[in-house]
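Q: Before I ask anything, let me first share the structure, which is written out below as structure tokens.
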Amino acid sequence: MYNIRMANLNDENKLINLVKPKLLDEKTDKNARNVLDEFLNNNKFRVFVLREDDVLKGFCSIEIKSDAGENKEESAEIVMLNVNNDSKEKSYKKMLMEYIEDYLKQIGIKGMYLRLWRMAY
């Protein structure tokens with residue numbers, strides 16, 4: 001059985017191994033921890049974790065963006081998404097995306113996009 005929820009500071013140590021592969025240079029624990037600190041401690045980000053049988057299998061982080069124009073509508077950018085190698089065939093990325101779409105609808109955000117890039121620190 002799997003469940004998806006918002007991440008908290010207790011998830012940080014387990015998330016490091018899922019963040020490191022997404023970093024371009026020096027895939028160290030310290031760099032991954034810096035990225036996670038930004039995600040978990042900045043209120044413009046939301047991080048969701050997927051667990052199966054109480055084991056962390058994947059995560060997705062999004063950034064809530066405000067439009068500076070007349071409409072002042074918010075949108076969400078998918079910043080980072082990853083699942084364990086042993087979980088790729090189980091559609092966990094799809095499950096995370098569907099959960100996040102529902103979450104965004106509930107809070108009134110109508111747009112979500114993905115910028116294709118990799119992070120380097």
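The values are calculated or read from the model by the stated rules, or taken from the named source; none is laboratory data. From a predicted model like this one, the values you see are computed outputs, not experimental measurements. For neighbour counting, all protein chains shown are included, and Cβ atoms are generated from backbone atoms with ideal geometry for every residue, glycine included. When the accessible area is computed, the model is the full protein with side chains, heavy atoms only, and any ligands, DNA or RNA have been set aside. Shrake-Rupley method; radii C 1.70, N 1.55, O 1.52, S 1.80 Å.
Q: Answer yes if at least one residue in region 104-116 is modelled with pLDDT of 90 or more, touching a Lys or Arg at 6+ places or on another chain (Cβ under 6 Å) and either under 23 Å from GLU52 (Cβ atoms) or not aliphatic (A, V, I, L, M) (or both), and no otherwise.
A: no
Q: Restricting attention to region 24-44, report how many residues are open to solvent by less than 30 Å² (accessible area, probe 1.4 Å) and either farther than 20 Å from MET95 by Cβ or at pLDDT below 90 (or both).
A: Within region 24-44, residues that are open to solvent by less than 30 Å² (accessible area, probe 1.4 Å) and either farther than 20 Å from MET95 by Cβ or at pLDDT below 90 (or both) number 4.
Q: What are the residues in region 4-17 that are surrounded by fewer than 12 Cβ atoms within 10 Å (Cβ to Cβ) and either under 15 Å from ASN84 (Cα atoms) or among the polar types (S, T, N, Q) (or both), if any?
A: If the condition is that a residue be surrounded by fewer than 12 Cβ atoms within 10 Å (Cβ to Cβ) and either under 15 Å from ASN84 (Cα atoms) or among the polar types (S, T, N, Q) (or both), then ASN8, ASN10 are the ones that fit.
Q: Now for a different question. Failed condition for LYS20, given (1) of a type outside the set (Ser, Thr, Tyr); (2) outside any loop (DSSP other than H, G, I, E, B); (3) surrounded by fewer than 17 Cβ atoms within 10 Å (Cβ to Cβ), with all others met?
A: Failed condition: (3).
Q: Over 14 Å from ALA7 (Cα atoms) and either surrounded by 16 or more Cβ atoms within 10 Å (Cβ to Cβ) or modelled with pLDDT of 90 or more (or both), is that true of TYR99?
A: Considered against the rule, which asks whether it is over 14 Å from ALA7 (Cα atoms) and either surrounded by 16 or more Cβ atoms within 10 Å (Cβ to Cβ) or modelled with pLDDT of 90 or more (or both), TYR99 comes out as no.
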